[in-house]
Structure formats: structure tokens, C-alpha cells
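These notes are about the structure you will find just below.
The values are calculated or read from the model by the stated rules, or taken from the named source; none is laboratory data. No experiment lies behind these values; they were computed from the predicted model shown. Cβ sites come from the backbone with ideal geometry, for glycine too, and all protein chains shown count toward neighbours. Keep in mind that these areas ignore ligands, DNA and RNA; they rest on the heavy atoms of the full protein, side chains included. Shrake-Rupley method; radii C 1.70, N 1.55, O 1.52, S 1.80 Å.
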Amino acid sequence: MALPILEQALRDPTLTQQERSNIQLVLRFRALPFRDRAAYTVEGFRPARMGMANLADIKTGDGPNYTADSIPDREDEILDIIAHGDRVWATWLIRGTHSGSLYGIPPTGRKVEVLEVGQWRIRDGLIAEAWFFVDELALVRQLGIWPRTGTTEKEH
């Protein structure tokens, strides 16, 4: 029977103890609600790129961007995680129900399942930098606000 992804990653014999510690730091950080994550980051930390940056760019109105209410039943399944030196990379599936405003998109009640990739740089045992990328096209298609084209018609 194959080991779970996280256990496999932490048992990788090529990892240094520091790389294992960095993975564990990122996992502790990700397990916390957003409001509690500051204890794991350097002072003034802000991700260099948010996962839904394109939705943020086209957002209209003054409402919230992404909050705990956007996908309140959100569960993330880590599909892969690796570390090298002071960096950790992970890929995960976001699953949940769009129940609150999401970058100006009113709640649809639809289930979503989209990929996200993250990268963190660790300095002195704290997260110093982070970058996130969500498959936003898959997300807006699942929310029903971007049509699926299926096949394209050729011009004659």
C-alpha cells in the first residue's frame, strides 16, 4: 500500500532536516484559518501573488475579495509537496461550495473543485515569501459565469 503524499514527502531520504522542517512549517501554516497565520510569517508578510489574482484584477464593486465565507466548507487535498533549500512547493485541490461573495461574484451555491499551486520561501523558521496560482478559468466555468465552448465552429 502506498504511503500518503505527505508521509512520502517527509520520508524522502534526500531531504535535509531543514527541508523537512520547512515542509512541516508550511503544513502547520496552511492548516490554520487566515486570521491565525501571522505567527508563522515574517513581520509585514504579504504574498507576492494571490491565487486568484486575475479575479481580483477584474473585480467590480467594493465588496470583499476572498473570505472564509466565500467557500465556507473548503477542504484542500494536497496532491504533491516538495522542498529544496529554503523553498517549499505544493499542489492541491480546493473543494467546497461557493456560498459567499468571491471577488464580486455573488454566491452561486455551486460545488467547485480546482487546482492551486503554491510556493513558499522560509527564512529563520518563518514564511518570508509566497506565491499562489489557482486555475481560475476552471473555477469561473464551474461557477457558471464563463461558458464552456465545447467545440469551435470553423469558418467556411
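Could you state the accessible area per residue of the range 1-146 in Å², with a 1.4 Å probe and every protein chain left in place?
Averaged over the residues of the range 1-146, the accessible area is 58 Å².
Taking 0.36 nm per residue of separation and subtracting the Cα-Cα distance, what length does fully extending Ala68 through Glu43 add? Please list the in-between numbers first.
Numbers: separation 25, 0.36 × 25 = 9.00 nm, distance 2.27 nm.
Extra length from Ala68 to Glu43 when fully extended: 6.7 nm.
What translational D, rounded to a whole number of µm²/s, comes out for the range 73-151 from Stokes-Einstein when the hydrodynamic radius is the Kirkwood one over Cα pairs, at 4 °C and 1.567 mPa s?
Taking Rh from Cα pairs, D becomes 91 µm²/s.
Can you compute 3J(HN,Hα) from phi for each residue in the range 132-140, using the Karplus curve 6.51 cos²θ - 1.76 cosθ + 1.60 with θ = phi - 60°, rounded to whole Hz and x for Gly and Pro?
With the stated coefficients, the range 132-140 comes to 9, 9, 9, 6, 5, 5, 4, 4, 5 Hz.
What is the helix-to-structure angle for 17-31, meaning the angle in degrees between its Cα long axis and the longest Cα principal axis of the chain, kept from 0 to 90 and rounded to the nearest 10?
Taking the Cα atoms of the chain, the angle to 17-31 is about 40 degrees.
Highest first, please rank the peptides 92-101, 26-35 by the mean number of other Cβ atoms sitting within 10 Å of their residues.
Numbers: 92-101: 17.2, 26-35: 13.2.
So the order, starting with the most tightly packed, is 92-101, 26-35.
With a 1.4 Å probe and all protein chains left in place, how much of the accessible area of the range 1-100 comes from carbon and sulfur atoms, in whole percent? Don't jump to the answer; show the numbers that get you there.
Numbers: 3280 of 6240 Å².
Answer for the range 1-100 is 53 percent, counting heavy atoms of protein chains only.
If you build the convex hull over the alpha carbons only and average its shadow over all orientations, what do you get for the chain? Give it in nm² to one decimal.
The directionally averaged projection comes out at 13.0 nm².
Which of the three applies to the range 111-151, rounded, prolate or oblate, going by the alpha-carbon gyration tensor with a ≥ b ≥ c and a/c under 1.5 meaning rounded?
Numbers: a/c = 5.06, a/b = 3.79, b/c = 1.33.
The shape class here is prolate.
For the range 16-156, give the share of DSSP beta bridges that are antiparallel, in percent and rounded to the nearest 5; count only bridges with both residues there. Each step should come with its number before you reach the end.
On the way: 29 of 31 bridges.
Expressed as a percentage, antiparallel bridges in the range 16-156 total about 95.
Counting only residues 5 or more places away or on other chains, whose amide H sits under 5 Å from the amide H of Asp80 once H atoms are built in the peptide plane?
Amide H neighbours of Asp80, under 5 Å, 5+ apart: Thr91.
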